[in-house]
Amino acid sequence: MKQFDKIFFRDFWKLVKPYWWTSEERWSARVLLALVIVLNLLMVFISYRVTEWYNTFWNALQQYKAGEAWHQILVFAVLVTPYIVAAVYQTYLMQMLQIRWRRWLTTRYLGE
């Protein structure tokens, strides 16, 4: 198993190093990757807040507090809106990064 890991990481590094460290697209790729990571962290944070929201909302319903329940519905809308925007942009940026990576690989290896 250790030998397999060593071979895998060696081959992985050979494939990744030219794009991320020496290509002309390395900075744009790094920025795209950083944006994808930030959006992913934002989505995790919002998911955590939605989990807390469930508790508050169901407690308001259980205690028959209509005003609090409606307020929590508005809070949910505020939480879900940036989540949807982040999910769409994350998907878009990830696809853009994949397209750039594949275009670079095709150009590099078909050129050789």
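Going through I84, I73, I99 one at a time, which residue ends up being hydrophobic (A, V, I, L, M, F, W, C) and over 25 Å from F45 (Cβ atoms)?
Testing whether each residue is hydrophobic (A, V, I, L, M, F, W, C) and over 25 Å from F45 (Cβ atoms) leaves just I99.
Against the condition surrounded by 11 or more Cβ atoms within 10 Å (Cβ to Cβ), farther than 24 Å from T107 by Cα and of a type outside the set (G, A, S), how does Y64 come out, does it pass?
No; evaluated as a whole, the condition is false for this residue.
What number of residues within segment 9-39 are among the hydrophobic types (A, V, I, L, M, F, W, C) and in contact with a Phe, Trp or Tyr (Cβ under 7 Å, 6 or more places away or on another chain)?
The total comes to 2.
Pick from segment 67-85 the residues that are open to solvent by 50 Å² or more (accessible area, probe 1.4 Å) and of a type outside the set (A, V, I, L, M): which of them is farthest from P18 (Cα to Cα)?
Among them, the one singled out is G67.
Look at V88 and say whether it is surrounded by 12 or more Cβ atoms within 10 Å (Cβ to Cβ) and out of contact with any Cys (no Cβ under 6 Å at 6 or more places or on another chain).
Judged against the criteria, V88 is not a match.
Residues of segment 33-74 being hydroxyl-bearing (S, T, Y) and in a helix (DSSP H, G or I), which ones?
Those that are hydroxyl-bearing (S, T, Y) and in a helix (DSSP H, G or I): S47, Y48, T51, Y54, T56.
Being surrounded by fewer than 16 Cβ atoms within 10 Å (Cβ to Cβ) and either touching a Pro at 6+ places or on another chain (Cβ under 9 Å) or more than 24 Å from A34 (Cβ to Cβ) (or both) is the filter here; which residues of segment 91-105 pass it?
The answer is none; no residue qualifies.
Would you pick out the residues in segment 46-96 that are out of contact with any Leu (no Cβ under 7 Å at 6 or more places or on another chain) and polar (S, T, N, Q)?
Within segment 46-96, S47, T51, N55, T56, N59, Q62, Q63, Q72, T81, T91, Q95 qualify.
Name the single residue that is surrounded by the fewest Cβ atoms within 10 Å (Cβ to Cβ) among those in segment 1-59 being aliphatic (A, V, I, L, M) and farther than 16 Å from L93 by Cβ.
Looking at the filtered set, the residue picked out is M1.
The values are calculated or read from the model by the stated rules, or taken from the named source; none is laboratory data. On a predicted model such as this, the values are computed, not experimentally measured, just so you know. Methodologically, a virtual Cβ is constructed for each residue, glycine included, from the backbone with ideal geometry; neighbour enumeration extends over all protein chains shown. Each accessible area value is taken on the protein alone, full model and side chains, heavy atoms only, with ligands, DNA and RNA left out. Shrake-Rupley method; radii C 1.70, N 1.55, O 1.52, S 1.80 Å.
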